[in-house]
1. Send over a whole-number figure in Å² for the accessible area per residue of the chain, probe 1.4 Å.
2. Given the range 179-301 reduced to its alpha-carbon atoms as identical point scatterers, what log10 I(q)/I(0) does the Debye formula return at q = 0.22 Å⁻¹?
3. Carbon-plus-sulfur fraction of the accessible area of the chain, 1.4 Å probe, in percent?
4. Below 8 Å between Cα atoms, with a sequence gap of 6+, how large is the relative contact order for the chain in percent?
5. Of all DSSP beta bridges located in the chain, what percent are antiparallel, nearest 5?
6. Going by a ≥ b ≥ c, the root eigenvalues of the Cα gyration tensor, does the range 115-205 fall in the rounded group (a/c under 1.5), the prolate group (a/b larger than b/c) or the oblate group?
7. The range 81-234: D in µm²/s via Stokes-Einstein (Kirkwood Rh, Cα pairs, 4 °C, 1.567 mPa s)?
8. What value does the range 32-115 have for Rg/Rh, both radii from Cα atoms and Rh as Kirkwood defines it?
Amino acid sequence: MTATVIDGKTTAADVLATVKAATDKLVARTGVTPGIAVIIVGEDPASQAYVRSKGRRAEECGFKSETHRLPADTPEADLLALIDRLNRDDSIHGILVQLPVPDHIDEGKVIQAVDPDKDVDGFNFVNVGRLVTGQLGEAFVPCTPAGSMVMLRRALGKSDLSGLNAVVVGRSNIVGKPMASLLLAANATVTTAHSRTRDLPGLCRSADILVAAVGRPEMIRADWVKPGACVIDVGINRVPAPEKGEGGTKIVGDVAYDECAEVAGSITPVPGGVGLMTVAMLMASTLASACRVAGVEPPTY
Ligand code: NDP
(Lines give C-alpha, C1' and ligand atoms only; values in the text may rest on other atoms or scores of the structure.)
Protein backbone atom coordinates (compact mmCIF):
# COMPACT_ATOMS: atom_id res chain seq x y z
CA MET A 1 0.00 0.00 0.00
CA THR A 2 1.19 3.51 -0.67
CA ALA A 3 -0.50 6.11 1.48
CA THR A 4 -2.37 9.15 0.27
CA VAL A 5 -0.37 12.22 1.31
CA ILE A 6 -2.39 14.66 3.43
CA ASP A 7 -0.91 17.90 2.17
CA GLY A 8 -0.66 20.67 4.75
CA LYS A 9 0.08 23.36 2.18
CA THR A 10 -3.13 22.83 0.22
CA THR A 11 -5.26 22.30 3.34
CA ALA A 12 -3.89 25.40 5.10
CA ALA A 13 -4.34 27.51 1.94
CA ASP A 14 -7.93 26.31 1.70
CA VAL A 15 -8.64 27.16 5.37
CA LEU A 16 -7.09 30.62 4.93
CA ALA A 17 -9.13 31.26 1.75
CA THR A 18 -12.31 30.36 3.68
CA VAL A 19 -11.28 32.66 6.55
CA LYS A 20 -10.62 35.53 4.15
CA ALA A 21 -13.91 35.12 2.30
CA ALA A 22 -15.87 34.91 5.59
CA THR A 23 -14.01 37.95 6.94
CA ASP A 24 -14.92 40.01 3.87
CA LYS A 25 -18.56 39.00 4.32
CA LEU A 26 -18.51 39.72 8.07
CA VAL A 27 -17.07 43.20 7.55
CA ALA A 28 -19.54 44.01 4.76
CA ARG A 29 -22.59 42.77 6.69
CA THR A 30 -21.83 43.82 10.26
CA GLY A 31 -18.92 46.29 10.17
CA VAL A 32 -16.99 44.02 12.58
CA THR A 33 -13.36 43.51 11.51
CA PRO A 34 -11.62 40.59 13.29
CA GLY A 35 -8.75 41.92 15.39
CA ILE A 36 -5.77 39.95 16.70
CA ALA A 37 -3.08 41.09 19.13
CA VAL A 38 0.13 39.09 19.41
CA ILE A 39 2.49 39.78 22.30
CA ILE A 40 6.11 38.71 22.31
CA VAL A 41 8.53 39.22 25.18
CA GLY A 42 12.23 39.00 24.33
CA GLU A 43 14.29 38.46 21.21
CA ASP A 44 14.24 34.68 20.60
CA PRO A 45 14.72 34.47 16.80
CA ALA A 46 12.40 31.45 16.30
CA SER A 47 9.62 33.13 18.30
CA GLN A 48 10.14 36.40 16.38
CA ALA A 49 9.78 34.49 13.10
CA TYR A 50 6.54 32.81 14.28
CA VAL A 51 5.13 36.17 15.35
CA ARG A 52 6.01 37.77 11.99
CA SER A 53 4.25 34.97 10.12
CA LYS A 54 1.14 35.30 12.32
CA GLY A 55 1.02 39.06 11.61
CA ARG A 56 1.42 38.49 7.86
CA ARG A 57 -1.32 35.86 7.72
CA ALA A 58 -3.67 38.06 9.77
CA GLU A 59 -3.22 40.94 7.32
CA GLU A 60 -3.75 38.61 4.35
CA CYS A 61 -7.04 37.49 5.94
CA GLY A 62 -8.20 41.11 6.22
CA PHE A 63 -7.85 41.31 10.02
CA LYS A 64 -6.75 44.23 12.14
CA SER A 65 -3.39 42.98 13.44
CA GLU A 66 -1.27 44.36 16.30
CA THR A 67 2.10 43.05 17.42
CA HIS A 68 3.39 44.13 20.83
CA ARG A 69 7.15 43.56 21.10
CA LEU A 70 8.31 43.87 24.70
CA PRO A 71 11.91 43.77 25.92
CA ALA A 72 13.13 40.56 27.63
CA ASP A 73 13.33 42.31 31.03
CA THR A 74 9.69 43.50 30.97
CA PRO A 75 8.23 43.13 34.49
CA GLU A 76 5.42 40.59 34.79
CA ALA A 77 3.08 43.33 36.04
CA ASP A 78 3.59 45.33 32.81
CA LEU A 79 2.76 42.29 30.67
CA LEU A 80 -0.38 41.61 32.75
CA ALA A 81 -1.39 45.28 32.43
CA LEU A 82 -1.07 45.06 28.62
CA ILE A 83 -3.19 41.88 28.56
CA ASP A 84 -5.78 43.62 30.73
CA ARG A 85 -5.91 46.57 28.32
CA LEU A 86 -6.33 44.23 25.32
CA ASN A 87 -9.01 42.23 27.18
CA ARG A 88 -11.03 45.47 27.41
CA ASP A 89 -10.33 46.59 23.79
CA ASP A 90 -13.48 45.85 21.74
CA SER A 91 -11.54 45.94 18.46
CA ILE A 92 -9.44 42.92 19.55
CA HIS A 93 -11.07 39.47 19.32
CA GLY A 94 -8.01 37.28 19.78
CA ILE A 95 -5.01 37.68 22.10
CA LEU A 96 -1.96 35.47 21.84
CA VAL A 97 1.11 35.59 24.05
CA GLN A 98 3.99 33.90 22.23
CA LEU A 99 5.43 31.20 24.50
CA PRO A 100 7.81 30.62 26.12
CA VAL A 101 8.05 33.85 28.13
CA PRO A 102 11.28 34.72 30.01
CA ASP A 103 11.88 32.83 33.28
CA HIS A 104 11.02 35.76 35.60
CA ILE A 105 7.43 35.74 34.25
CA ASP A 106 4.91 33.14 35.49
CA GLU A 107 3.62 31.55 32.27
CA GLY A 108 0.56 30.08 34.01
CA LYS A 109 -0.46 33.47 35.36
CA VAL A 110 -0.12 35.01 31.90
CA ILE A 111 -2.24 32.28 30.24
CA GLN A 112 -5.00 32.66 32.85
CA ALA A 113 -4.93 36.47 32.51
CA VAL A 114 -6.19 36.35 28.92
CA ASP A 115 -9.98 36.76 28.69
CA PRO A 116 -11.27 33.22 27.92
CA ASP A 117 -13.42 34.69 25.15
CA LYS A 118 -10.29 36.09 23.45
CA ASP A 119 -8.01 33.14 24.25
CA VAL A 120 -7.51 31.98 20.65
CA ASP A 121 -4.66 29.67 21.72
CA GLY A 122 -7.17 27.71 23.85
CA PHE A 123 -4.81 27.37 26.82
CA ASN A 124 -6.96 29.09 29.47
CA PHE A 125 -8.61 26.73 32.02
CA VAL A 126 -12.06 27.87 30.86
CA ASN A 127 -11.40 26.74 27.28
CA VAL A 128 -9.77 23.50 28.43
CA GLY A 129 -12.93 22.86 30.47
CA ARG A 130 -15.21 23.67 27.54
CA LEU A 131 -13.25 21.26 25.31
CA VAL A 132 -13.14 18.41 27.81
CA THR A 133 -16.87 18.72 28.52
CA GLY A 134 -17.60 18.65 24.79
CA GLN A 135 -18.80 22.24 24.43
CA LEU A 136 -16.92 22.65 21.17
CA GLY A 137 -19.13 25.45 19.91
CA GLU A 138 -17.93 27.67 22.75
CA ALA A 139 -14.35 26.44 23.20
CA PHE A 140 -11.24 27.84 21.67
CA VAL A 141 -9.17 24.76 20.86
CA PRO A 142 -5.34 24.75 20.71
CA CYS A 143 -4.47 25.38 17.07
CA THR A 144 -2.19 22.40 16.35
CA PRO A 145 -4.69 19.70 17.38
CA ALA A 146 -7.49 21.71 15.74
CA GLY A 147 -5.50 21.70 12.48
CA SER A 148 -4.75 18.00 12.86
CA MET A 149 -8.49 17.29 13.12
CA VAL A 150 -9.20 19.23 9.92
CA MET A 151 -6.58 17.15 8.07
CA LEU A 152 -7.92 13.93 9.55
CA ARG A 153 -11.54 14.70 8.69
CA ARG A 154 -10.61 15.55 5.12
CA ALA A 155 -8.42 12.44 4.73
CA LEU A 156 -11.16 10.13 6.05
CA GLY A 157 -13.94 12.04 4.29
CA LYS A 158 -16.08 12.16 7.46
CA SER A 159 -16.30 13.93 10.79
CA ASP A 160 -18.00 11.15 12.76
CA LEU A 161 -15.28 8.71 13.80
CA SER A 162 -17.64 6.15 15.41
CA GLY A 163 -16.13 2.68 15.60
CA LEU A 164 -12.56 3.83 14.91
CA ASN A 165 -9.70 3.28 17.37
CA ALA A 166 -7.47 6.32 17.81
CA VAL A 167 -4.10 6.28 19.58
CA VAL A 168 -2.48 9.60 20.48
CA VAL A 169 1.19 9.28 21.44
CA GLY A 170 2.00 12.22 23.72
CA ARG A 171 0.04 13.82 26.58
CA SER A 172 1.13 17.46 26.54
CA ASN A 173 -1.39 20.16 27.34
CA ILE A 174 -0.90 21.86 23.98
CA VAL A 175 -1.13 18.84 21.68
CA GLY A 176 -1.70 15.34 23.11
CA LYS A 177 -4.48 15.99 25.62
CA PRO A 178 -6.58 18.37 23.47
CA MET A 179 -6.12 16.04 20.47
CA ALA A 180 -7.48 13.14 22.52
CA SER A 181 -10.47 15.27 23.62
CA LEU A 182 -11.23 16.26 20.03
CA LEU A 183 -11.08 12.64 18.84
CA LEU A 184 -13.35 11.57 21.70
CA ALA A 185 -15.82 14.35 20.86
CA ALA A 186 -15.84 12.96 17.29
CA ASN A 187 -16.84 9.53 18.71
CA ALA A 188 -13.49 7.75 18.22
CA THR A 189 -12.39 5.25 20.88
CA VAL A 190 -9.29 6.97 22.19
CA THR A 191 -6.14 5.82 23.98
CA THR A 192 -3.50 8.33 25.06
CA ALA A 193 0.02 6.88 25.20
CA HIS A 194 3.12 8.41 26.79
CA SER A 195 6.60 7.55 28.01
CA ARG A 196 5.26 5.10 30.64
CA THR A 197 3.07 3.14 28.20
CA ARG A 198 3.82 -0.58 27.89
CA ASP A 199 4.18 -2.14 24.41
CA LEU A 200 3.79 1.10 22.49
CA PRO A 201 4.35 -0.59 19.09
CA GLY A 202 1.56 -3.10 19.79
CA LEU A 203 -0.80 -0.36 20.97
CA CYS A 204 -0.06 1.76 17.90
CA ARG A 205 -0.78 -1.25 15.66
CA SER A 206 -4.35 -1.26 17.01
CA ALA A 207 -4.94 2.30 15.77
CA ASP A 208 -7.11 3.20 12.82
CA ILE A 209 -6.01 6.76 13.55
CA LEU A 210 -2.48 7.25 14.87
CA VAL A 211 -1.38 10.68 16.07
CA ALA A 212 2.29 11.20 16.99
CA ALA A 213 3.08 14.20 19.20
CA VAL A 214 6.23 13.08 20.93
CA GLY A 215 9.24 15.11 19.85
CA ARG A 216 11.37 12.02 19.05
CA PRO A 217 12.68 11.89 15.48
CA GLU A 218 11.16 9.06 13.42
CA MET A 219 10.22 7.01 16.48
CA ILE A 220 7.12 5.47 14.86
CA ARG A 221 8.25 2.69 12.51
CA ALA A 222 6.40 0.89 9.70
CA ASP A 223 5.69 -2.19 11.82
CA TRP A 224 3.89 0.04 14.40
CA VAL A 225 1.32 1.09 11.79
CA LYS A 226 -1.89 -0.81 11.07
CA PRO A 227 -2.28 -1.28 7.30
CA GLY A 228 -4.56 1.44 5.96
CA ALA A 229 -4.38 3.62 9.10
CA CYS A 230 -4.54 7.41 8.99
CA VAL A 231 -1.26 8.73 10.43
CA ILE A 232 -0.98 12.32 11.67
CA ASP A 233 2.58 13.37 12.48
CA VAL A 234 2.71 16.45 14.70
CA GLY A 235 6.43 16.14 15.49
CA ILE A 236 8.93 18.74 14.35
CA ASN A 237 12.51 17.64 15.02
CA ARG A 238 15.72 19.13 13.65
CA VAL A 239 18.31 16.42 13.01
CA PRO A 240 21.80 16.33 11.45
CA ALA A 241 21.81 15.91 7.66
CA PRO A 242 25.37 15.09 6.61
CA GLU A 243 24.15 14.79 3.00
CA LYS A 244 23.68 18.59 3.09
CA GLY A 245 27.34 19.12 3.88
CA GLU A 246 29.15 19.75 7.13
CA GLY A 247 26.84 21.03 9.88
CA GLY A 248 23.76 20.53 7.65
CA THR A 249 20.41 19.82 9.30
CA LYS A 250 16.89 18.92 8.24
CA ILE A 251 13.43 18.69 9.81
CA VAL A 252 11.80 15.31 10.35
CA GLY A 253 8.66 14.23 12.19
CA ASP A 254 8.03 11.65 14.90
CA VAL A 255 7.09 9.15 12.18
CA ALA A 256 9.57 7.39 9.87
CA TYR A 257 7.75 8.78 6.86
CA ASP A 258 9.05 6.77 3.90
CA GLU A 259 8.56 3.34 5.45
CA CYS A 260 5.25 4.21 7.19
CA ALA A 261 3.83 5.62 3.93
CA GLU A 262 4.15 2.09 2.52
CA VAL A 263 1.73 0.77 5.17
CA ALA A 264 -0.62 3.66 6.08
CA GLY A 265 -3.75 4.58 4.15
CA SER A 266 -3.07 8.30 4.54
CA ILE A 267 -0.23 10.22 6.18
CA THR A 268 0.91 13.79 6.83
CA PRO A 269 4.45 14.66 5.71
CA VAL A 270 6.99 16.65 7.75
CA PRO A 271 7.72 19.33 6.71
CA GLY A 272 4.63 20.31 4.73
CA GLY A 273 2.03 18.76 7.04
CA VAL A 274 0.48 19.70 10.38
CA GLY A 275 2.98 22.51 11.01
CA LEU A 276 1.40 24.63 8.27
CA MET A 277 -2.07 24.26 9.77
CA THR A 278 -1.29 25.86 13.13
CA VAL A 279 -1.25 29.49 11.98
CA ALA A 280 -4.22 28.88 9.66
CA MET A 281 -6.28 27.61 12.61
CA LEU A 282 -5.23 30.62 14.71
CA MET A 283 -6.81 32.82 12.03
CA ALA A 284 -9.91 30.59 12.02
CA SER A 285 -10.24 30.97 15.82
CA THR A 286 -9.85 34.74 15.67
CA LEU A 287 -12.53 34.94 13.00
CA ALA A 288 -14.78 32.68 15.11
CA SER A 289 -14.32 35.04 18.06
CA ALA A 290 -15.30 38.06 15.97
CA CYS A 291 -18.30 36.13 14.57
CA ARG A 292 -19.48 35.42 18.14
CA VAL A 293 -19.34 39.11 18.97
CA ALA A 294 -21.27 39.95 15.79
CA GLY A 295 -23.81 37.13 16.34
CA VAL A 296 -22.87 35.43 13.06
CA GLU A 297 -22.26 31.69 12.50
CA PRO A 298 -18.53 31.09 11.77
CA PRO A 299 -17.47 28.87 8.83
CA THR A 300 -16.53 25.20 9.26
CA TYR A 301 -13.39 23.68 7.75
P1 NDP B 1 6.11 17.58 24.96
O2 NDP B 1 7.57 17.38 25.11
O3 NDP B 1 5.40 18.56 25.81
O4 NDP B 1 5.37 16.16 25.13
C5 NDP B 1 5.90 15.00 24.56
C6 NDP B 1 5.06 13.83 24.95
O7 NDP B 1 5.63 12.67 24.36
C8 NDP B 1 5.00 13.59 26.45
O9 NDP B 1 3.68 13.31 26.86
C10 NDP B 1 5.91 12.39 26.68
O11 NDP B 1 5.49 11.50 27.69
C12 NDP B 1 5.77 11.66 25.35
N13 NDP B 1 6.96 10.84 25.08
C14 NDP B 1 8.25 11.22 25.12
N15 NDP B 1 9.06 10.19 24.83
C16 NDP B 1 8.25 9.12 24.61
C17 NDP B 1 8.48 7.77 24.29
N18 NDP B 1 9.71 7.29 24.10
N19 NDP B 1 7.42 6.95 24.15
C20 NDP B 1 6.17 7.41 24.32
N21 NDP B 1 5.88 8.70 24.62
C22 NDP B 1 6.90 9.54 24.77
O23 NDP B 1 5.91 17.91 23.42
P24 NDP B 1 4.73 18.69 22.62
O25 NDP B 1 3.46 17.98 22.79
O26 NDP B 1 4.82 20.13 22.91
O27 NDP B 1 5.26 18.49 21.12
C28 NDP B 1 5.37 17.21 20.54
C29 NDP B 1 5.98 17.37 19.17
O30 NDP B 1 5.13 18.16 18.37
C31 NDP B 1 7.34 18.08 19.16
O32 NDP B 1 8.13 17.52 18.12
C33 NDP B 1 6.98 19.50 18.81
O34 NDP B 1 8.04 20.18 18.16
C35 NDP B 1 5.83 19.30 17.89
N36 NDP B 1 4.90 20.42 17.84
C37 NDP B 1 4.49 20.85 16.62
C38 NDP B 1 3.60 21.89 16.51
C39 NDP B 1 3.16 22.29 15.15
O40 NDP B 1 2.81 23.42 14.91
N41 NDP B 1 3.10 21.38 14.21
C42 NDP B 1 3.11 22.61 17.67
C43 NDP B 1 3.50 22.02 18.92
C44 NDP B 1 4.39 20.98 18.99
P45 NDP B 1 5.50 11.91 29.25
O46 NDP B 1 4.34 12.83 29.44
O47 NDP B 1 5.33 10.61 29.95
O48 NDP B 1 6.82 12.58 29.50
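1. It amounts to 46 Å² per residue over the chain.
2. Per q value, in the given order, log10 I(q)/I(0) is -1.26.
3. 53 percent
4. 23 percent
5. Close to 10 percent.
6. Verdict is oblate for the range 115-205.
7. D = 78 µm²/s.
8. Rounded to two decimals, Rg/Rh equals 0.95.
The values are calculated or read from the model by the stated rules, or taken from the named source; none is laboratory data. Here the structure is a predicted model, which means the values were calculated and not measured. Heads up: the accessible areas ignore ligands, DNA and RNA and are worked out on the full protein's heavy atoms, side chains in. Shrake-Rupley method; radii C 1.70, N 1.55, O 1.52, S 1.80 Å.
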